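Right, one structure below, let's go through it.
The values are calculated or read from the model by the stated rules, or taken from the named source; none is laboratory data. Since the model is a prediction, treat every value here as computed from it, not as a measurement. Here Cβ is always computed from backbone atoms with ideal geometry, including for glycine, and neighbour counts include all displayed protein chains. The accessibility values were calculated without ligands, DNA or RNA, using every heavy atom of the protein model including side chains. Shrake-Rupley method; radii C 1.70, N 1.55, O 1.52, S 1.80 Å.
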Amino acid sequence: LTGANQPTLTLSNVQSVQGGNYQVIVSNAAGPVMSAAAALTVNLPVTIIEQPQSQTVSEGDRVVLSVVAAGTAPLSHQWQKNGVDISGASGPSLTIPSARASDIGTYRVIVRNTVGSVNSTDAVLRVIVPPTIQNQPASQNVPPGANLTFSVLANGDAPVAYQWKKNGANIVGAVGASLAL
């Protein structure tokens with residue numbers, strides 16, 4: 001090292017490229033002697049390279065949230081849902097095998113190493129619940145010329161769309177929760 005000829009070596013603003021093994025040769029008229037190596041490890045803070053992404057899935061779908069982080073190993077991960085730690089969720093990815101309405105929320109991961117920790121950005125999980133029919137349309141017997149209304153009561157995540165059919169074919173314009181004849 002140029003200019004490093006004192007009993008003390010001081011490094012300022014240490015960067016990762018300065019990591020390595022340092023030794024000093026001490027000499028006098030009787031000859032030189034080399035010191036043991038002193039290792040310098042520059043611990044890099046955690047940085048997140050790829051953030052977890054928000055997702056909208058259908059109920060029952062598999063969900064994988066993941067993060068890619070860098071920094072001095074070892075890195076540890078802790079996933080959270082709505083700001084609360086998820087027990088056992090300590091890897092770079094979080095898998096929900098079959099999404100349900102109870103999984104809806106905001107997810108993030110905290111990545112740590114010896115230097116410190118960093119929070120990922122929030123990833124919002126939305127689970128779309130398919131529609132279900134609570135009240136089916138009722139069969140009716142009417143005389144010719146009578147007026148009648150078929151109706152259905154459905155629930156599910158909005159928007160819920162309707163399309164009435166007769167004998168399997170769409171009825172043009174019949175797109176509401178009831179059909180008046």
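Computed quantities for the displayed model
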quantity: Centroid-to-centroid separation of region 98-117 and region 1-45 [C-alpha atoms, Å]; calculated: 42 Å
quantity: Accessible area of the chain belonging to carbon and sulfur atoms, whole % at 1.4 Å probe; calculated: 53 percent
quantity: Unit charges at the beta carbon, dipole of the chain: most positive-side option, 106, 175, 159; calculated: 175
quantity: Positive dipole terminus of the chain, leading residue within 26, 57, 47 (C-beta point charges); calculated: 57
quantity: The chain - percent relative contact order, Cα under 8 Å, separation 6 or more; calculated: 16 percent
quantity: Tensor-based shape of the chain (alpha-carbon gyration tensor, a/c under 1.5 rounded, otherwise prolate or oblate); calculated: prolate
quantity: Per-pair calculated FRET efficiency, R0 = 35 Å: residue 49 and residue 102 via Cβ, rounded to 0.05; calculated: 0.70
